[in-house]
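As C-alpha cells, the structure follows; a few thoughts come after it.
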Amino acid sequence: VQLQAFGGGLVQAGGSLRLSCAASGRTFSNYGMGWFRQSPGKEREIVAAINWIGDNTYYADSVKGRFTISRDNAKNTLYLQMNSLKPEDTAVYFCAGSSHLAVTSMTGDYDYWGQGTLVTVSS
C-alpha cells in the first residue's frame, strides 16, 4: 500500500491541525495504521495507532487527551486531529501501515511508510 501524508504546517501553541494520510494500491481496511513523528536528534516515536476497523486505538502518553486518530475505510484515509498543540509537538509526522489488523504501537510491526509532513508549533 502506498501512503501519502499531508496537512502539516506552522501553528501557534494552543492551536489545532488535522493531518490526513491517503492510501492507495491495496485494500486500506486490510491494515492497522499508525502515526509516528520524528524531531531532529530524536528517534522516531509512535504517536497514535488504530486497528483495521477503527474501534480500537492507542495513544502515546504525551498526546493522550489532545490528539485523536481516526480512519475512513470508504475513503482510504487516515486522520490525526491535533488539538492544544505544544512546541514539543514540532516534528515530521509519518503515517504507516501494518499487516497486523489489531492496533499496535511497535515500530517494527509497520511495513509501509508515507513520506512525512512537517508540523511546526511556535511558542
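Computed values, structure above
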read-out: 12 Å beta-carbon shell around E88, net charge (K/R +1, D/E -1); value: +2
read-out: Translational diffusion coefficient (Stokes-Einstein; Kirkwood radius from C-alpha pairs) of the range 61-102 at 37 °C, 0.692 mPa s, in µm²/s; value: 269 µm²/s
read-out: Whole-number accessible area per residue in Å² for the chain, which is evaluated in the context of all protein chains at 1.4 Å; value: 50 Å²
read-out: Share of carbon and sulfur in the accessible heavy-atom surface of the chain [1.4 Å probe, %]; value: 48 percent
read-out: Accessible area (Å², 1.4 Å probe, nearest 10) - W113; value: 80 Å²
read-out: q = 0.24 Å⁻¹, the range 1-44: log10 I(q)/I(0) [Debye, one scatterer per Cα]; value: -1.00
read-out: Size of electric dipole in the range 1-93: Cβ of Lys, Arg +1 and of Asp, Glu -1, about Cα centre, debye, nearest 20; value: 140 debye
read-out: Sum of side-chain charges, G54 neighbourhood, beta-carbon under 14 Å (Lys, Arg +1; Asp, Glu -1); value: 0
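The values are calculated or read from the model by the stated rules, or taken from the named source; none is laboratory data. Quick caveat, the model's predicted, so the values are computed rather than measured. Virtual Cβ from ideal backbone geometry, glycine too; neighbours counted across all protein chains shown. These accessible areas exclude ligands, DNA and RNA; they are computed on the full protein's heavy atoms, side chains included. Shrake-Rupley method; radii C 1.70, N 1.55, O 1.52, S 1.80 Å.
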